[in-house]
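Every number in this text was worked out from the coordinates using simple rules, so none of it is lab data. As the structure is a prediction and not an experimental result, all values here were calculated from the model. Here the Cβ positions follow ideal geometry from the backbone for every residue, glycine too, while neighbour counts run over all protein chains shown.
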Amino acid sequence: MKRSLSSAALSASLLVPGLAFADCGDVTITEMGWASNEVVTGVAKFLMEQGYGCEVSVVPSDTVPAVTSVAENGEPDVVTELWLNSAGEAYLRLEEEGRVERLGRVLDPGGVEGWWIPSYLAEEHPELTTIEGIMANPELVDARFNNCPDGWGCRVVSDNLIRALDLEEADIEIFNHGSGETLASSMASAVQSNEPWFGYYWGPTVPLGKYEMTRVEIGDYDAAIHTRNQTQDADNPGVSDFPAATVLTSVTTDFKEREPEVAEMLSRMTFRTSDMSAILAWMDDNNASGQEATVYFLTEYPDDWSGWVNDAARERLVNLLN
């Protein structure tokens, strides 16, 4: 009963601006077009409004338009879940010019990608947790690698890794999926049937939140080799693991100077990538909206967000929830 009342109070407070109990004024914040960012922005908005008294306006956007808007107009104040590998040179120039500042990683360790097997398979056959073990026992992974669809960046990297490893020489068939949907459904079908599966995937995503998966050790990460592997049909592909993608909260320097306490909170706002995948899976299972997922996070992960805010904000938020 208490959980239901708290959730109802939270849901209502998401729709009502915070009280003017602090110096915080108007704040503009992005909401990108994907589910995890609905959660990140929803949580940031709630904490700013109910903890710090800000009046927050959400700006629907995407990575490149958000960076362009900051360059041309000096706003929005806050860009949430900015994937550095998608933001490009335009964002780095803004940093060099002193117009924006990265506050911290909003996902820890970041966007993850790699080659995976179901954890039940890893427990039954620990040797399959390395690529050498898989190549020595291809029948244990159904002699198949589930590859990315054509046109995806991961397809280029995986294709080069396949050549560098001579994966097909180990009698492993390369199955190139036609879409992200079929790649995801192949994992789901295998796991639900407790069958072998071996392939590429990334997070935070619904499948990595729903299913216990173990990442296969391909080798050490080598920046030079990974860069080379991002070229279609690289002349000299090598073996390198996938690095975690840097995912940031970034603000304008004007905002940081104007609202240092809020900026400090945003610098500590970090979601574990595995937790975000679990939240996305909860959204999928419950057909939930971003607002409902925000409430879910705030009620289920209080130890996380309570460590992000200052003492005064924490007291206000606790009083709101009790």
* Just for the chain, what percent of DSSP beta bridges are antiparallel, to the closest 5? -> 55 percent
* Taking the mean number of other Cβ atoms within 10 Å as a proxy for protection, how do you rank 312-318, 111-117, 149-155 from highest to lowest? -> 111-117, 312-318, 149-155
* Asked: Can you give the angle from 0 to 90° between the axis of helix 63-73 and the longest principal axis of the chain, with both taken from C-alpha atoms, to the nearest 10?
  -> 40 degrees
* To do: Find the relative contact order for the chain and round it to a whole percent, using C-alpha pairs within less than 8 Å whose residues are 6+ positions apart.
  => 27 percent
* Asked: What whole number of Å gives the distance from the Cα centroid of segment 278-299 to the Cα centroid of segment 92-155?
  -> 24 Å
* If you stretched the chain out fully between T227 and N319, how much longer would it get, using 0.36 nm times the residue separation minus the C-alpha to C-alpha distance? -> 28.1 nm
* Structure fact -> Heads up, segment 215-302 by the C-alpha gyration tensor (a ≥ b ≥ c square roots of eigenvalues; a/c under 1.5 rounded, else a/b over b/c prolate, else oblate) looks oblate
* To do: Among I225, S186, F271, flag the residue with its Cα farthest along the positive direction of the charge dipole of segment 169-293, charges on Cβ as +1 for Lys/Arg and -1 for Asp/Glu.
  => F271
* Asked: Which percent of Cα pairs goes in each bin when the distances of segment 170-219 are cut into 5 angstrom slices starting at zero?
  -> 4, 16, 31, 27, 17, 4, 1
* Asked: Using Cα pairs under 8 angstrom and six or more residues apart, how large is the relative contact order of segment 112-229, in percent?
  -> 45 percent
* Asked: Under the classification rounded if a/c is under 1.5, otherwise prolate if a/b is larger than b/c and oblate if not, where does segment 112-229 fall, given a ≥ b ≥ c as square roots of the Cα gyration tensor eigenvalues?
  -> rounded
* Structure fact -> In degrees, nearest 10, the alpha-carbon axis of helix 153-165 is tilted away from the dominant principal axis of the alpha carbons of the chain by 30 degrees
* Estimated inter-spin distance, S86 and R268, nm [label 7 Å along Cα→Cβ] -> 2.8 nm
* Structure fact -> Neighbours of N37 by Cβ distance under 13 Å: Lys/Arg at +1, Asp/Glu at -1, summed charge -3
* Label segment 64-157 by shape, choosing from rounded, prolate and oblate, from the square roots a ≥ b ≥ c of the eigenvalues of the Cα gyration tensor; if a/c is under 1.5 it is rounded, and otherwise prolate applies when a/b is larger than b/c, oblate when it is not. => prolate
* Treating the angle as unsigned and between 0 and 90°, give the value, to the nearest 10°, between the Cα long axis of helix 273-286 and the longest Cα principal axis of the chain. => 80 degrees
* In nm, spacing of pseudo-spin labels at A143 and N236 (7 Å Cα→C-beta vector) -> 3.5 nm
* Asked: Non-local amide H neighbours of G219 (under 5 Å, H modeled in plane, Pro and chain starts lacking H): which ones?
  -> D241
* Quick one: order Y52, Y301 by neighbouring beta-carbon count within 10 Å, fewest to most. => Y301, Y52
* Asked: At 222 nm, what helix-only mean residue ellipticity would the chain give, in deg cm²/dmol to the nearest 500, using -39500 (n - 2.57) for each DSSP H run of four or more?
  -> -14000 deg cm²/dmol
* **Rough spin-label spacing in nm, given labels placed 7 Å along Cα→Cβ, for R163 and M135** => 1.6 nm
* Asked: Taking the Cβ-Cβ separation of E55 and E195 as r and a Förster radius of 45 Å, what is the calculated FRET efficiency to the nearest 0.05?
  -> 0.30
